[in-house]
There are 2 protein chains.
Amino acid sequence: MNSSTTPHAPPSPSSDAIEPGAMNGAESLVRTLVDSGIEVCFANPGTSELHFVSALDRVGGMRGVLGLFEGVVTGAADGYARMAGKPAATLLHLGPGLGNGLANLHNARKAPTPVVNIIGNHATTHQHWEAPLTSDVEAFARTVSDWVLSTQGPKTVAADGARAVQAARAAPGRVASLILPADAAWLPADRPAPPLPIMGPAKVSDLAIVQAVTALRGGNVTFLMRGDVLRGRGLDAAGRIATATGARLVCDTFSPRLERGAGRVSVPRLPYRPAPAIEFLQGTRTLILVGTQAPIAFFGYPDQPSELTPRGCTALTLAFPHEDGVAALEALAEAIGATGPAALTPYDLPALPQDGPVTPEAVVRTAAHFLPEGAIISDESLTAGFTHYRMFETVAPHDCLQITGGSIGLGIPMAIGAAVACPDRKVVSLQADGSGMYTLQGLWTQARERLDVTTIVYANRSYKVLNQEMEFVNSGQSGPTARAMLDIGNPNLDWVHLAQGMGIEAVKVETNRDLISAVRSAFATRGPRLIEAVIEG
Amino acid sequence: MNSSTTPHAPPSPSSDAIEPGAMNGAESLVRTLVDSGIEVCFANPGTSELHFVSALDRVGGMRGVLGLFEGVVTGAADGYARMAGKPAATLLHLGPGLGNGLANLHNARKAPTPVVNIIGNHATTHQHWEAPLTSDVEAFARTVSDWVLSTQGPKTVAADGARAVQAARAAPGRVASLILPADAAWLPADRPAPPLPIMGPAKVSDLAIVQAVTALRGGNVTFLMRGDVLRGRGLDAAGRIATATGARLVCDTFSPRLERGAGRVSVPRLPYRPAPAIEFLQGTRTLILVGTQAPIAFFGYPDQPSELTPRGCTALTLAFPHEDGVAALEALAEAIGATGPAALTPYDLPALPQDGPVTPEAVVRTAAHFLPEGAIISDESLTAGFTHYRMFETVAPHDCLQITGGSIGLGIPMAIGAAVACPDRKVVSLQADGSGMYTLQGLWTQARERLDVTTIVYANRSYKVLNQEMEFVNSGQSGPTARAMLDIGNPNLDWVHLAQGMGIEAVKVETNRDLISAVRSAFATRGPRLIEAVIEG
């Protein structure tokens, strides 16, 4: 990349010797994206995108992965980038196609994850007519994007593509949306554009580190962390600081990616509900924020606070999300002389459950017990996940990806992206049934690409989190209509049929004995599988 | 409704004697919506919407229909309004939940269909925090809405609800989005608001009718029609004019609702592709537009026109979409003395196909043959639908609902809405497989509500329309990646499993003999069924 940091650097090798007009706009864009490091395109194309699709073959270097629904495409791009550390492209069809992908782009934006959306539009000559698919594509894109550009023509599209990648990769990661009119794709282009420099995380000021040192001297410090600091060097530095000072480490309730398991630094999760979260932070004098903001409730409730920082506790930002929290923690550890080893989580495998009807705890226990080393958990277990987060703490080291923007339907697609990014690692997709239905089409992509994903569906046949919320908000005795709106039984979903309908080997388990057998078998075998764990009550 | 057309009309009976503060904002809104004629709420609620859900029981008069995905909810609202002639409400969860529903709201907007969206948002006290689900809900709503309002609090929400219904019902039908902060739902309200007057279609000017009379005298007239004029009195008047003058009747390629079949006036459909459409209109001196615009190509293509009005043909607007085209056609018929009966389509049942492998034509032929009188066709058959539109012309009288905004994934939800609106009529959902996958979750709602819908899936295992487009745009020999992006086989979808997974009785047919048997049986029985018609090649 260094050669591209000066404006007059020579074009990158692959764009050498391209005669102007020898390629069309789509080809110049695809080649630019490949030169800029984009290796995968998750796609759900339509007519306007066919020249881009054709260019994938002509240019080479970018893998196309088809999703049967755009929410699958965007969620997969999110999961991919979380594990690959760089963006994938998506390919989407005008405003409504992008519309279908917005919910998971919202999750990506809240991660934040770098994503490069390529969104087809009508040819510029066709845009001013009121055709059926005519819409304000930019307006759709702006709802979730940090960067939006509608390219003006085939001569500029390559440079715009390089800018889109640059925008997406700016720290800490952004959603960049490039709108591609069909004629900008089909008309002759000049040549690909060289990659642009990546704007990495900003250095944390020395003052912030000095303030954190002072806070640590005062005692009763809690670090609230999110982002890169929850893995690798950042996690290690945080662990050394905690071990040396007695400071507490906590992570946001929802984080894009955590390294967890035996031999790593333990980081408890901030509770989901306002009162327990405040209680959890009680006694903290200084809350040091690393890659996150002062904690805010997921929802507002009558007579409950939105701000979760307890009274008497001061929040201090060590690193904003766009700053280099890893380096800041390392500098802080050095400043306080925390050079000794961090306390690490022991290896303590949960016992397998006794036989009996399947419970959420039995599912987590069994998955934790058999979890292969280096597995990636795509966690959309919701109610079960809140309860059992701790059980994965002492098992084989693994990554955990969580739903970051509160928009359900990320789990199955995120598992796709993780498996594409890390083909040698087992992906375990812990999936609530209600939220799984939003993007179940992703199972087909798992089958087509033969991805090594085991999906375990918690089939409790209810929007359980909503039933809990209904109690929680105390909005009264539920009548029959309200009960029906929160009940997804009647008829029960049959996930084995649904999975088989998309080419996935699947099994339903109702006892812990069958659960254990199914999980052991799935984790020991490569390829996509689904286990429907039927949970009564 | 008349009592509400004066500003000082007394409150409607149901809001009499309500003490201020006796109901919360949600209850005052639900009662207002019911008083304004909203009988059905298609819902996919989350935490922020629970007070609205509770209010459905406390107030009564509004049926709640749960969808497991928001695209099902919005598409069902579209189908409902097309058949009921008035809007349903939707209930959606913040920006991302609305995001999932945008594609079918785009279709509704292009119909245009009246829809009243109720979109929950964070409590006003919580909105300025960066919580996971925080987003610019209005920005999401504006992409597809003609009317957007974020209500300010519990005292105004009832009046805002009445305005939302009024906005949605303004001719020819609009998408109205009312954003409901959670505290506007849970805090004490005053009372419900009375219904507001409905702004019906505008009267067509006498000049427009005079111009049409003159055009008819000149000969070689084609009427291009869309909207209400394609059924009932409008269709009859158009037929009388055509019979009396020799003018030709044509409808838009995609119309929200058409009355078709034996004993009705035949209206051929404008061809989909630009060149055939122009050819079809060749020789027309005056193109009289009724409820539509001068024809525009679906997509722009290299070296092909966007405007489909042939050279030498003048377009003349008799009625814009917001105007009363039905009255205009009746006035025109009277002005030219077209009082004699219109030529009507004969009853001529297509023969059943010979046995052999299933073809798209065999599916249409069989469905047409057995079609029950008064059936409603939800047509998302795409490639098969273009070819075989004519075969439904001479069968039992029926309604046909088409996909209006080019955003696929409307068929299954639209069938839900039509079946809820018309419980005594058989709904036949002709569904391409690729597009069916976008909102397959709707099958579950069909099962839960025991809707009388027969879905016939054309299982050609390909995005066939895209393969045709790929040839059409001549963007080159397709390579393996491009072929893979347009192929939805490998693995094949098994629609019988998918349907059974959602509680729908289903059968796969591969021969015409089995097809005939399955269609006959499904059409003769009430309740949801799915037939997967496997079409090779």
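The values are calculated or read from the model by the stated rules, or taken from the named source; none is laboratory data. This structure is a prediction, so every number in the text was calculated from the model and none was measured. Neighbour counts run over all protein chains shown; Cβ positions are idealised from the backbone, glycine included.
Every residue, every condition in (1) modelled with pLDDT under 95; (2) among the charged types (D, E, K, R); (3) under 30 Å from residue B:527 (Cβ atoms), yes or no:
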site	(1), (2), (3)
A:465	yes, no, no
A:480	yes, no, yes
A:483	yes, yes, yes
A:489	yes, no, yes
A:501	no, no, yes
A:532	no, yes, yes
- Out of all the residues in segment B:310-339, which are among the aliphatic types (A, V, I, L, M) and part of a strand (DSSP E or B)? B:315, B:316, B:318, B:319
- Right, residue B:170: within 14 Å of chain A (Cβ to nearest Cβ) and farther than 16 Å from residue B:99 by Cβ or not? no
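Does residue B:332 satisfy being more than 23 Å from the chain's Cα centre (by Cα), modelled with pLDDT of 95 or more and under 30 Å from residue B:143 (Cα atoms)?
no
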- Given the conditions (1) touching a Phe, Trp or Tyr at 6+ places or on another chain (Cβ under 9 Å); (2) at pLDDT below 95, and given that residue B:128 satisfies all but one, which numbered condition is not satisfied? (1)
- Message: Could you go through segment B:85-108 and let me know if any residue there is surrounded by fewer than 24 Cβ atoms within 10 Å (Cβ to Cβ) and more than 9 Å from every other protein chain (Cβ to nearest Cβ).
- Response: yes
- Item | Identity of the residue in segment A:303-324, acidic (Asp, Glu) and surrounded by 16 or more Cβ atoms within 10 Å (Cβ to Cβ), that ends up nearest to the other protein chains (Cβ to nearest Cβ) | A:323
- Quick one: residue A:374 ticks every box in (1) surrounded by 18 or more Cβ atoms within 10 Å (Cβ to Cβ); (2) within 30 Å of residue A:73 (Cα to Cα) except a single one, so which number is it? (1)
- Note on the structure: Contact list, first residue from segment A:50-68 and without any contact (Cβ under 8 Å) to a residue 60 or more places away in the chain and at the interface with another protein chain (Cβ under 7 Å from one of its Cβ atoms), second anywhere and of a type in the set (Lys, Arg) and crowded, with 24+ Cβ neighbours inside 10 Å, beta-carbon distance below 8 Å, six or more apart or interchain, is none
- Note on the structure: Checked against (1) within 11 Å of chain B (Cβ to nearest Cβ); (2) of a type in the set (A, V, I, L, M); (3) in a helix (DSSP H, G or I); (4) in contact (Cβ under 8 Å) with a residue 12 or more places away in the chain, residue A:519 satisfies every condition except (1)
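Of everything in segment B:119-137 that's surrounded by fewer than 24 Cβ atoms within 10 Å (Cβ to Cβ) and facing chain A (nearest Cβ under 7 Å), which residue is farthest from residue A:133 (Cα to Cα)?
Taking segment B:119-137 as the starting set, the residues that turn out to be surrounded by fewer than 24 Cβ atoms within 10 Å (Cβ to Cβ) are B:123-125, B:127-132, B:134, B:136.
Now drop any that are not facing chain A (nearest Cβ under 7 Å), which leaves B:123, B:125, B:129-132, B:136.
Working: B:123: 34, B:125: 38, B:129: 35, B:130: 33, B:131: 33, B:132: 31, B:136: 24 Å.
Looking at residues that are surrounded by fewer than 24 Cβ atoms within 10 Å (Cβ to Cβ) and facing chain A (nearest Cβ under 7 Å), I get B:125.
Going by what's in this entry, would residue B:240 be described as under 30 Å from residue B:410 (Cβ atoms) and surrounded by 23 or more Cβ atoms within 10 Å (Cβ to Cβ)? So that I can check it myself, show each step before the final result.
Working: under 30 Å from residue B:410 (Cβ atoms): no; surrounded by 23 or more Cβ atoms within 10 Å (Cβ to Cβ): yes.
No: the conditions fail for residue B:240.
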- Query: Among the residues of segment A:211-222, how many are outside any loop (DSSP other than H, G, I, E, B) and touching a residue at least 12 places away in the same chain (Cβ under 8 Å)?
  - Reply: 8
- What is the number of the single condition among (1) in the same structural domain as residue A:510 (by TED's automatic domain parsing); (2) within 23 Å of the chain's Cα centre (by Cα) that residue A:365 does not meet? (2)
- Message: Checking the conditions here, which among B:144, B:116 is in a strand (DSSP E or B) and either more than 8 Å from chain A (Cβ to nearest Cβ) or under 30 Å from residue B:200 (Cβ atoms) (or both)?
- Response: B:116
- If you scan segment A:367-411, which residues turn out to be in a loop (DSSP other than H, G, I, E, B) and under 17 Å from residue A:425 (Cα atoms)? A:371, A:372, A:373, A:374, A:395, A:396, A:397
- Message: Within segment A:191-209, does at least one residue satisfy the condition of being touching a Gly at 6+ places or on another chain (Cβ under 6 Å) and either within 29 Å of residue A:316 (Cβ to Cβ) or outside any helix (DSSP H, G or I) (or both)?
- Response: no
- Complete set of residues in segment A:389-434 that are surrounded by fewer than 24 Cβ atoms within 10 Å (Cβ to Cβ), at pLDDT 95 or above and of a type in the set (Ser, Thr, Tyr): A:394
- Item | Hits in segment A:68-84 (condition: surrounded by fewer than 24 Cβ atoms within 10 Å (Cβ to Cβ) and not in a helix (DSSP H, G or I)) | none
